[in-house]
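Computed from the coordinates by the stated procedures, all read-outs in this text should not be read as laboratory data. Predicted model, so just to flag it, every value in this text is computed and none were measured. Because the Cβ atoms are built from the backbone with ideal geometry, glycine has one as well, and the counts that use them run over all protein chains shown.
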Amino acid sequence: MGLLDGKVAIVTGAGQGIGREEALLLASEGAKVVVNDIGASLQGEGGDKKPAQEVAELIIANGGEAVVNGDDISSWEGGKNVIDQAIDTFGDINILVNNAGILRDKMSFNMTESDWDDVIKVHLKGHFATSQHAAVYWRSKAKAGEDVYGRIINTSSEAGLFGNAGQANYSTAKAGIVGLTWTMARELSRIGVTVNAIAPRARTRMTENVFGEMAKTDEGFDKFDPKNIANLIGFLAAPEASDVSGQVFVVFGGDVWAMGGFHVVGEIHRDAPWTPAEMLAAKGELFKGISSGVPPFSFM
Ligand SMILES: NC(=O)c1ccc[n+]([C@@H]2O[C@H](COP(=O)([O-])OP(=O)(O)OC[C@H]3O[C@@H](n4cnc5c(N)ncnc54)[C@H](O)[C@@H]3O)[C@@H](O)[C@H]2O)c1
């Protein structure tokens, strides 16, 4: 018996890295999995079906059910195709993990138009293209009086929560994914669908320059193993997490932080407009709760 017996899951970008481990974990908990991946380079070029095929074969070899989907989720049609394939193959869609991503890191003054457009398209449109078509399906089920079991799990990043120099395109997309998560959580709560986001840290080709040298602990626990991330996906997809929605989690190793979102750190009020000079004079009061007007690089 698994936590997700009989459920139907889609993981985008599941050919390697974090998505691969998420697909394997969902299958090990009993879900039937659509393994989506175009097999692109880190920069989003080229295509190779093999990684997704290998993940699907591994799931089947372990006694699970899986199919491959090679659609580009950054296109509206690709987003629809992957949802349709899950319904046509397994009869339903219950868990949508939006994970696919690329990087084109450059300082803003060196960034090209295509660096901006391509990263925004894969991450931000790539999250909505799948989610919108899943939402249409779940709403039509709810309207027909059928039970809906729906989970959307999005992939943000600490770069989106705090900003990160060299990632204007990526951090903008990842912050947008938080807004999308909050909004769709509100919209879909009425039909019983939860929408949450994770901001992971794991060693993959995307981060090998940052985490590559980080070693296991003395106990042999590898904090940067992408397998650690997948467990939070299992938690959020489970029936017992039906009351968890609109949340953003930072996760790596054995550490999980539920993030509080935006909150007031200082305020000024009066029954008349502020002139700029008056507002400048009240600056200390406005920023009372923080040490400066600059957002922190990281919360740790
Ligand atoms: N690794 C980290 O520490 C880290 C940190 C923060 C956020 N993330 C996010 O986690 C997610 C997974 O990252 P990863 O480190 O496993 O990267 P990865 O490069 O190992 O895997 C990403 C996968 O997405 C696929 N992909 C890219 N464009 C696609 C498209 N248009 N359609 C379908 N598939 C596509 C790629 O082929 C690749 O297999 C990404 O959204 C990334 O931004 C990762």
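Using a cut-off of 25 Å between Cα atoms, the listed pairs LYS49/LYS121; LYS106/LYS283; LYS49/LYS80; LYS32/LYS141; LYS80/LYS223 include LYS106/LYS283; LYS80/LYS223 as exceeding that distance.
Rounded to the nearest 500, the helix-only mean residue ellipticity at 222 nm of the chain stands at -11500 deg cm²/dmol, with each DSSP H run of n ≥ 4 adding -39,500 (n - 2.57). Comparing GLY176, GLY220, GLY63 in a Gaussian network model of the chain, where Cα atoms under 10 Å apart are tied by springs, the biggest mean-square fluctuation is seen for GLY220. As a proxy for reagent exposure, THR172, THR194, THR12 were ordered by neighbouring Cβ count within 10 angstrom, fewest first; the result is THR172, THR194, THR12. Specify the angular offset, from 0 to 90 degrees and rounded to the nearest 10, of the alpha carbon long axis of helix 126-143 from the longest principal axis of the alpha carbons in the chain. Helix 126-143 and the main axis of the chain meet at about 70 degrees. Placing +1 on the Cβ of every Lys and Arg and -1 on the Cβ of every Asp and Glu, with nothing else charged, gives the range 1-148 a dipole about its Cα centre of roughly 300 debye. The modelled label-to-label distance between ASP225 and THR275, using points 7 Å beyond Cα along the C-beta direction, is 6.5 nm.
Here the relative contact order of the chain, from alpha carbon pairs under 8 Å that lie six or more residues apart, stands at 16 percent. If only the Cβ of Lys and Arg carry +1 and only the Cβ of Asp and Glu carry -1, the dipole of the range 126-252 around its Cα centre is close to 460 debye. Selection among ALA277, SER41, LEU188 by position relative to the dipole of the chain gives ALA277 as farthest towards the positive end (Cβ unit charges, Cα centre). The magnitude of the dipole of the chain, with charges of +1 and -1 set on the Cβ of Lys/Arg and Asp/Glu and taken from the Cα centre, is near 520 debye. Here the residues SER75, SER245, SER108, ranked from fewest to most Cβ neighbours within 10 Å of their Cβ, fall in the order SER108, SER75, SER245. Taking amide hydrogens as placed 1.01 Å from N in the peptide plane, the amide H of LYS223 sits under 5 Å from those of THR217, each at least 5 positions away in sequence or on another chain. Ordering 153-160, 100-107 by mean Cβ neighbour count within 10 Å, with the highest value first, yields 153-160, 100-107. Along the range 201-210 the Karplus relation, 6.51 cos²θ - 1.76 cosθ + 1.60 evaluated at θ = phi - 60°, assigns HN-Hα couplings of 9, 7, 7, 9, 4, 5, 10, 4, 5, 8 Hz to successive residues, with x for each Gly and Pro. Of the residues SER114, GLY19, GLY30, the one whose Cα sits farthest toward the positive end of the charge dipole of the chain, with +1 on the Cβ of Lys and Arg and -1 on the Cβ of Asp and Glu, is SER114.
Among VAL122, VAL210, VAL33, the ranking by other beta carbons within 10 Å of each residue's beta carbon, starting with the fewest, stands as VAL210, VAL122, VAL33. Eigenvalues of the alpha-carbon gyration tensor of the chain, scaled by 5 and square-rooted, set the equivalent ellipsoid semi-axes at 34, 23, 19 angstrom, largest first.
Pairing the Cα long axis of helix 50-61 with the longest principal axis of the chain, what angle in degrees results, from 0 to 90 and rounded to the nearest 10? Once rounded, the angle reads 60 degrees. Across all Cα atoms of the range 1-57, the radius of gyration (one decimal) and Dmax (whole number) stand at 11.8, 40 Å. Highest mean packing first, where packing is the average number of other Cβ atoms within 10 Å per residue, the peptides 42-54, 270-282, 13-25 line up as 13-25, 42-54, 270-282.
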